[in-house]
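The values are calculated or read from the model by the stated rules, or taken from the named source; none is laboratory data. It should be emphasised that the depicted structure is a prediction, and the values quoted were computed from it without experimental measurement. Virtual Cβ from ideal backbone geometry, glycine too; neighbours counted across all protein chains shown. Quick note on the areas: whole protein, heavy atoms, side chains included, nothing else; ligands and nucleic acids left out. Shrake-Rupley method; radii C 1.70, N 1.55, O 1.52, S 1.80 Å.
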Amino acid sequence: MPLAVSARFEEGTKQILHGVNGRLRPKHLIAIMGPSGAGKSTLLDVLSGYRTTGVGGAIFINGRGRIMKKFKKMSCYIQQDDRLQGLLTVGENMTIAADLKLPTKMDKYEKGEVIEDILTNLGLYEHINTRGAQLSGGQRKRLSIALELINNPLVMFLDEPTTGLDSSSCTQVVQLCRSLAHQGRTIVCTIHQPSASLFAFFDQVYVLAAGNCLYQGTTRNLVPYVNEAGLPCPIYHNPADYIIELACGEYGEDKISVLRTKAENGKSLQWFDDHETIPTMEILRKRYPLSVMREQDSNTGEEETPQSNQRSVLIRRGFLKAKRDSTMTHLRLIVNVVVGLMLGTLFINAGNEGSRVLDNYNLLFAILMHHMMSPMMLTILTFPSEMSILLKEHFNRWYSLGSYYISITVVDLPISIISCAIFSVIVYLMSSQPLDIARFAMFFAISLYTVLVAQSFGLMIGAIFNVVNGTFLGPTLSVPMMMFAGFGVTLRDLPPYLAWGSYISYLRYGLEGYIGAIYGLDRPTLDCNQAKYCHYRYPRTFLKEIAMSPNMFWWDILALTVTLFVLRTAAFLLLKWKLRAVR
């Protein structure tokens, strides 16, 4: 499957690739080389289809213009950083990938044979029960390749596959890529400065300098090429090192121009083996007529499996990760227990005592703050790390964004309910709130809604900002919510030009809902055992003081429901925008 390339790339006002051309031959391991800033990763992004904005030119496959939808079905892109699920074992990672990428009609034994064959060939079978986070750099890189090999792509792109690896691991990874290429795949990878022995493993090399092509052809023809250009490679000098030195301008900037002209910026094919036999575009189009393309286009789905299967597999993966996640699950439950005990101890017996109504009011606001800050900040801190995995898996067509979003919502819901229920029971009983099942149900409903809304708010921020910016923005944007909640300044005392703020603050509805649960439903007069005079022993006096109606509970539930729906939808749309924006 030959790929012909003619591309230019602009980012802002700077042109990165300057009309480069090239031919990537089938069953070859191809290295894109060049100094830092030459445009290697940019070219790979363009070739793989990962980069779509600001790209001009054309890419042809088998003599015909590339159709991205078809091309993504036959290719994969493995980026420089190994984006793996660290909490899952090698076997579990492979099983999940197989369930998402292989036809659903295949049973688990057939899929198991595919997995076993890939892991054996890649030398990972003995690590099948090792978690991804415990693998070495070379093993992680091989696992990244193994995950994409499951549906047997014809074209593979790897960005700097040897970065961060020792010489032995580098050799293993490149040998593996060479073996895979000679089995019938076209494998293209960027590489910075390989050793002489590593360089020899590549079938073809494409050299870039400042966005221009200096050479394309076989690795063994590189030395004759520079010799013919009047720039002979010194004896016992690594050809890869020498061409990089030339590309850096160490022997003069004029040498770059000489090589660019000789290579015709990538148009020259004479340095390939048997370059006379390389088919032209016309021959390729005759060899692959449109009728063949019609047969290949019979499957129109974006992903390999139906959305129902995607959701099922992702939910299974989500619960498996949640069970092992010490931050999102274990620490979250522990924090709810500890904070519940602390607040319960601090405000012990405040719920039924007439002289401590203000204390109880403070407790309700403190509970609201806990339910707002904990899930919001946890999501802001943890979601950006998931984002990188989502970018890779979604681009390589593992699943749709909708399936992923539904799965993370479904997986987190039971954890939120359990942690919120544990906290609510501890605080409610220790602070001696009224022992009425209806009141507790109202209290719990408001607590759960506040947690889910705060989590959605955190998801919106985590989807578009990194950890540093998100950690700053989360609490900053929460301050107005607290201002308009009606706690420090009552809703009655808000200036008319700021009154609108109370209608968009979900904390206002949360606090009002708590008040309705604890002091609504015509609650009788409170006991006054700890003081001679209790000004707020009559709940209606207290409600009049804070300017809140006890009969607004269902309106508060409705407002929180609408807020939850709006924020969840906004988070999804922002996530969708982010996936497109990075490309």
- Could you state the angle between the C-alpha long axis of helix 401-430 and the longest principal axis of the C-alpha atoms of the chain, as a value from 0 to 90 degrees rounded to the nearest 10? 30 degrees
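Excluding residue 329 itself, what net charge comes from residues whose Cβ is under 11 Å from its Cβ, given Lys and Arg +1 and Asp and Glu -1?
Working: positive: 321, 323, 324, 332; negative: 325, 412.
Taking every other residue near residue 329 into account, the sum is +2.
Can you compute the FRET efficiency between residue 195 and residue 335 using 1/(1 + (r/R0)^6), with r the Cβ-Cβ distance and R0 = 56 Å? Round to the nearest 0.05.
Details: r = 50 Å, r/R0 = 0.90.
Once rounded, the FRET efficiency stands at 0.65.
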- Query: Highest mean first, what order results for 22-31, 117-126 on Cβ atoms within 10 Å?
  - Reply: 22-31, 117-126
- Accessible area in square angstrom per residue, the chain, 1.4 angstrom probe: 44 Å²
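Using a 1.4 Å probe on the protein chains only, how many percent of the accessible area of the chain belongs to carbon and sulfur?
Details: 15160 of 25760 Å².
So the carbon and sulfur contribution to the accessible surface is 59 percent.
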- Message: Given N residues in the chain, what is its alpha carbon radius of gyration divided by 2.2 N^0.38 Å?
- Response: 1.26
- Query: What list of ³J(HN,Hα) couplings, whole Hz, do you get for segment 91-98 from phi and the Karplus terms 6.51, -1.76, 1.60, once you set θ to phi - 60° and write x for glycine and proline?
  - Reply: x, 5, 4, 5, 5, 4, 4, 5
- If a cysteine in the chain has no other Cys Cβ under 4.7 Å from its own Cβ, put it on the list, ordered by number. 76, 170, 177, 189, 213, 233, 248, 420
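Compute the Rg to Rh ratio over segment 1-140 from the alpha carbon atoms, using the Kirkwood formula for Rh, and round to two decimal places. Mind dumping the intermediate values first?
On the way: Rg = 18.5 Å, Rh = 17.8 Å.
In segment 1-140, Rg relative to Rh is 1.04.
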- Query: Around residue 555, with a cut-off of 12 angstrom between Cβ atoms, what is the net charge of the other residues, counting Lys and Arg +1 and Asp and Glu -1?
  - Reply: -1
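With an 8 Å Cα cut-off and a minimum separation of 6 or more residues, compute the relative contact order for the chain in percent. Provide the component values of the computation, followed by the final result.
Numbers: 893 pairs, mean separation 85.3, N = 583.
Once normalised by length, the contact order is 15 percent.
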- Message: List the residues, sorted by chain then number, that are 5 or more residues from residue 208 or on another chain and whose placed amide H is less than 5 Å from its amide H.
- Response: 33, 34, 214
- Distance between segment 333-360 and segment 504-583 - C-alpha centres, whole angstrom: 18 Å
- Query: Nearest 0.05, what FRET efficiency do residue 479 and residue 133 give at R0 = 51 Å with Cβ-Cβ as r?
  - Reply: 0.90
- Item | Environment charge of residue 514, counting only residues whose C-beta is closer than 15 Å and scoring Lys/Arg +1, Asp/Glu -1 | -1
- Item | Within straight-line cross-link reach of residue 267, lysines at Cα separation under 20 Å, skipping those fewer than 8 residues along the same chain | 40, 255
- Query: Relative to the longest principal Cα axis of the chain, at what angle does helix 307-324 sit, 0 to 90 degrees, rounded to 10?
  - Reply: 70 degrees
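How big, in percent, is the set of alpha carbon pairs in segment 126-213 lying more than 23 Å apart?
26 percent
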- Task: For segment 203-277, report the convex hull volume of the alpha-carbon atoms normalised per residue, in Å³, without decimals.
- Result: 83 Å³
- Using Cα positions and a limit of under 28 Å, work out the lysines in reach of residue 544, with same-chain residues fewer than 8 apart set aside. 532
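What order, most packed first, do the peptides 273-285, 375-387 have when packing is the mean number of other Cβ atoms within 10 Å of each residue?
Numbers: 273-285: 11.6, 375-387: 20.2.
Per-residue mean Cβ counts within 10 Å order the peptides as 375-387, 273-285.
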- Message: In whole Å, what are the extents of segment 364-458 along the principal axes defined by its C-alpha atoms, from largest to smallest?
- Response: 55, 22, 16
- Karplus-derived HN-Hα couplings along segment 143-154 (A = 6.51, B = -1.76, C = 1.60, θ = phi - 60°), whole Hz, x at Gly and Pro: 5, 4, 5, 4, 4, 7, 6, 4, 9, 6, x, 7
- Surface/4 estimate of mean projected area, convex hull on alpha-carbon atoms of segment 194-242, nm²: 3.4 nm²
- Message: Quick check: the angle from helix 167-182's long axis to the longest principal axis of the chain, C-alpha only, nearest 10 degrees?
- Response: 70 degrees
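Checking the table 101/141; 105/578; 72/392; 111/576; 101/321 against a 22 Å threshold on Cα-Cα, which pairs fail? Present the calculation step by step, with values, prior to reporting the outcome.
On the way: 101/141 19 Å; 105/578 34 Å; 72/392 13 Å; 111/576 31 Å; 101/321 20 Å.
Beyond 22 Å: 105/578; 111/576.
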- Going by the alpha-carbon gyration tensor, a ≥ b ≥ c the square roots of its eigenvalues, is segment 359-414 rounded (a/c under 1.5) or, if a/c is not under 1.5, prolate (a/b greater than b/c) versus oblate? prolate
- Message: Looking only at the chain, where both bridge partners belong to it, what percent of the DSSP beta bridges are antiparallel (to the nearest 5)?
- Response: 60 percent
